[in-house]
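Enquirer: Let me give you the structure first, and then I'll get to my questions.
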């Protein structure tokens, strides 16, 4: 059979494939979003494949061997981490999936190389738009760096108090001195707490 017919067959099988539900999933909320588990109960109706109970996983539902790990367009996913990996790819059989650990700059490099070689990129819808948006952001960043004013000079360090200022402090009236001492004691008490 040709690949197109096989892919149509795969789509038909996928449409007929039941959702494999775990036993008692409709009774317990905690089982709602869990994956398939084989029923093991001695009286389990699903285990003995009774008619109205959910279908069990079995080998008959498996995808044909030629179509396993293929996407709906007939390409096999290949994870790419750098430009060197692109040299090994076959245009007709394999599609590029960019690794999630790639930085944005590296992604753009790989995308440009993919476009040059005519490879299909699977996990980015419009590679051209992605590259353009990245270039626009870089230009904006460079312009903002140019516009930023230079850092201001550091502020002058406070000098030690002169002897004249000490004399002014000593000239306080007795009442002011008492109030000042009281405030200092309050500060100490507050710090201890």
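The values are calculated or read from the model by the stated rules, or taken from the named source; none is laboratory data. From a predicted model like this one, the values you see are computed outputs, not experimental measurements. Methodologically, a virtual Cβ is constructed for each residue, glycine included, from the backbone with ideal geometry; neighbour enumeration extends over all protein chains shown.
Enquirer: Quick check on my filter: what residues within segment 99-135 are touching a strand residue (DSSP E or B) at 6+ places or on another chain (Cβ under 6 Å) and outside any helix (DSSP H, G or I)?
Expert: Once the filter is applied, which keeps residues that are touching a strand residue (DSSP E or B) at 6+ places or on another chain (Cβ under 6 Å) and outside any helix (DSSP H, G or I), segment 99-135 yields 99, 119, 120, 121, 122, 123.
Enquirer: So, residue 86, is that one at pLDDT 95 or above and assigned to a helix (DSSP H, G or I) or not?
Expert: no
Enquirer: Report whether or not residue 42 is closer than 30 Å to residue 76 by Cβ, surrounded by fewer than 10 Cβ atoms within 10 Å (Cβ to Cβ), without any contact (Cβ under 8 Å) to a residue 24 or more places away in the chain and not assigned by TED's automatic domain parsing to the domain that holds residue 92.
Expert: For residue 42, the condition - closer than 30 Å to residue 76 by Cβ, surrounded by fewer than 10 Cβ atoms within 10 Å (Cβ to Cβ), without any contact (Cβ under 8 Å) to a residue 24 or more places away in the chain and not assigned by TED's automatic domain parsing to the domain that holds residue 92 - is not met.
Enquirer: Right, here's the next one. Give the residues of segment 5-35 that are in a loop (DSSP other than H, G, I, E, B) and surrounded by 14 or more Cβ atoms within 10 Å (Cβ to Cβ), sorted by residue number.
Expert: 20, 21, 22, 23, 25
Enquirer: Now for a different question. Which residue is surrounded by the most Cβ atoms within 10 Å (Cβ to Cβ), if the candidates are limited to segment 56-72 and must be in contact with a helix residue (DSSP H, G or I) (Cβ under 8 Å, 6 or more places away or on another chain) and not in a helix (DSSP H, G or I)?
Expert: Among those that are in contact with a helix residue (DSSP H, G or I) (Cβ under 8 Å, 6 or more places away or on another chain) and not in a helix (DSSP H, G or I), it is 70.
Enquirer: Return the total of residues in segment 75-122 being more than 23 Å from residue 138 (Cα to Cα) and under 18 Å from the mean Cα position of the chain (by Cα).
Expert: 4
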